[in-house]
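The values are calculated or read from the model by the stated rules, or taken from the named source; none is laboratory data. Everything quoted here is computed from the prediction, not taken from an experiment. Here the Cβ positions follow ideal geometry from the backbone for every residue, glycine too, while neighbour counts run over all protein chains shown.
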Amino acid sequence: MATKVIMPKEGLTMEEGTISKWLKKDGEEVKKAEPLLEILTDKVSLEVESPASGILHIVVPEKETVPITTVIGVITEAGEEFQTPTVSSQKPAAPIKMETPTPKEQTKEKKQNTPEKTEIQTQDKKIISSPRARKVAKELGVDIHTVKGSGFNGRIQAKDVELYATGPSSKANLSLNKQDIDNSQFRIVPLQGIRKTIATRLTECARDIPHVSFFREVNAARLIDARASLLEEVEKKTGIRPTLTDFLVKMLACAIKTVETANSIVEDDQIKIFNKAHVNLAVAADGFLYTPVIRNVEDLTLTQISQQRAEIVQKARAGKLSAEELSGGTVTLSNLGKSGVEGFTPILNPPQTVILGIGGIKKKPVYEEEEIKVSPMMTLSLSCDHRVLDGAEATKVLGAMARLIENPYLILA
């Protein structure tokens with residue numbers, strides 16, 4: 001009996017996945033639970049196990065992007081006859097048709113698969129498109145029937161709608177003249193998988209969410225001293241060196257509690273306010289930016305935060321983060337202190353309301369207690385969704401964060 005291999009759904013927001021690599025060849029014998037293929041989701045790279053033992057028949061090749069639940073392969077018993085099914089991205093979960101189609105059906109199928117000679121399609125023709133593409137089409141006032149898809153089986157994607165909306169003249173102005181530059185001077189890298197998701201989410205965020213950012217410089221001397229005083233004890237107990245980021249994660253969870261709506265997300269024109277702070281931590285690895293989450297931060301000790309931070313950073317750099325470890329955050333911390341950047345304007349991690357950026361620590365002359373002292377100063381940059389937080393509320397959160405950094409032992413109170 002044949003067993004279908006489908007594109008799995010990893011996480012609530014996943015709509016499609018890309019087959020990055022088949023670990024077994026077409027026609028090769030496989031065993032149940034052994035690694036079968038690698039896929040790129042909208043968040044992570046995952047290894048998919050074989051659902052059964054038998055002979056593998058690959059339906060969707062590598063580098064193709066298909067919707068979740070699409071049949072991408074079939075595993076049959078040895079000697080069992082197999083007919084490659086026709087995969088439609090519109091109905092990915094449809095039963096596999098194993099028998100050979102009749103000549104009439106083949107003719108009909110051939111006509112259906114023949115590309116349209118014109119980009120305009122009739123209103124009564126079924127359109128294969130992603131939910132995001134339909135949403136973008138509605139927002140831009142584009143008739144999705146007139147858009148030609150570039151995805152699997154002609155599936156219309158959001159980028160197709162956006163490109164169509166710009167018009168031929170815009171595309172011409174933005175494109176390079178092939179006569180002006182030869183192919184040896186550049187190379188093309190496909191925008192797909194995690195990088196494609198990052199590009200799409202940041203574009204949507206910048207376009208749809210009114211950002212407002214606030215900056216504040218704080219004295220980090222006491223924060224540095226607090227870490228130094230706990231360093232030996234925590235390292236001796238856990239084998240992990242606590243970082244300034246561990247303190248900042250705890251402080252951010254406390255600071256956003258000063259304004260109720262700061263610990264929230266926006267979904268379906270509603271503000272969802274959370275009781276607990278689940279902090280996403282921005283981690284750069286292999287050219288990508290991951291944001292794994294540490295949950296219920298206000299209930300954790302600094303030692304527990306250090307342990308969880310070390311674990312998720314290690315997983316991110318090894319490409320082993322799960323969809324669950326990347327989902328469910330309510331606020332994000334992005335620390336670029338080690339990069340030498342003094343300050344920056346972070347872009348929100350939608351649908352969250354607040355993101356806090358941390359700049360590098362730099363010694364500067366500061367006027368304190370009627371004298372000038374040289375102190376380690378840190379720049380905080382808080383960006384928020386102006387639909388949810390106004391200036392007074394945002395600066396209240398930033399002020400609470402500054403007080404905790406300048407008086408770090410308050411997080412233990």
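Listed here are the residues, each with its yes/no results for (1) in contact (Cβ under 8 Å) with a residue 12 or more places away in the chain; (2) of a type outside the set (A, V, I, L, M, F, W, C); (3) in a loop (DSSP other than H, G, I, E, B).
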position	(1), (2), (3)
304	no, yes, no
320	no, yes, yes
329	yes, yes, yes
338	yes, yes, no
366	yes, no, no
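Just the residues that are under 17 Å from residue 321 (Cβ atoms) and exposed (fewer than 15 other Cβ atoms within 10 Å of the Cβ), please, taken from region 14-53.
Selection gives 47 alone.
Just need a number here: residues in region 5-35 that are more than 28 Å from the chain's Cα centre (by Cα) and part of a strand (DSSP E or B).
Residues that pass the stated criteria total 2.
State which residue is surrounded by the fewest Cβ atoms within 10 Å (Cβ to Cβ) when the search covers only region 369-386 and only residues that are over 19 Å from residue 257 (Cβ atoms) and touching a residue at least 24 places away in the same chain (Cβ under 8 Å).
By that ranking, first place goes to 386.
Mind checking which residues of region 350-402 are among the polar types (S, T, N, Q) and in contact with a helix residue (DSSP H, G or I) (Cβ under 8 Å, 6 or more places away or on another chain)?
Result: 353, 375.
What is the one condition in (1) farther than 30 Å from residue 207 by Cβ; (2) at pLDDT 80 or above; (3) not assigned by TED's automatic domain parsing to the domain that holds residue 10 that residue 138 does not satisfy?
(1)
Just checking, which of 225, 268, 246 is assigned by TED's automatic domain parsing to the domain that holds residue 309, loosely packed, with under 14 Cβ neighbours inside 10 Å and either at pLDDT 90 or above or in contact with a Phe, Trp or Tyr (Cβ under 8 Å, 6 or more places away or on another chain) (or both)?
Exactly one of 225, 268, 246 is assigned by TED's automatic domain parsing to the domain that holds residue 309, loosely packed, with under 14 Cβ neighbours inside 10 Å and either at pLDDT 90 or above or in contact with a Phe, Trp or Tyr (Cβ under 8 Å, 6 or more places away or on another chain) (or both), namely 225.
Please work out if residue 172 is at pLDDT below 65, within 29 Å of residue 9 (Cβ to Cβ) and exposed (fewer than 15 other Cβ atoms within 10 Å of the Cβ).
no
Could you please find all residues in region 36-57 being under 15 Å from the mean Cα position of the chain (by Cα), assigned to a strand (DSSP E or B) and not hydrophobic (A, V, I, L, M, F, W, C)?
Once the filter is applied, which keeps residues that are under 15 Å from the mean Cα position of the chain (by Cα), assigned to a strand (DSSP E or B) and not hydrophobic (A, V, I, L, M, F, W, C), region 36-57 yields only 45.
Evaluate the following for residue 64: is it modelled with pLDDT of 80 or more, under 30 Å from residue 289 (Cα atoms), surrounded by fewer than 13 Cβ atoms within 10 Å (Cβ to Cβ) and not assigned by TED's automatic domain parsing to the domain that holds residue 165?
Considered against the rule, which asks whether it is modelled with pLDDT of 80 or more, under 30 Å from residue 289 (Cα atoms), surrounded by fewer than 13 Cβ atoms within 10 Å (Cβ to Cβ) and not assigned by TED's automatic domain parsing to the domain that holds residue 165, residue 64 comes out as no.
Just give me the residues in region 373-413 being assigned to a strand (DSSP E or B), charged (D, E, K, R) and in contact with a strand residue (DSSP E or B) (Cβ under 6 Å, 6 or more places away or on another chain), in sequence order.
Across region 373-413, the qualifying residue is only 373.
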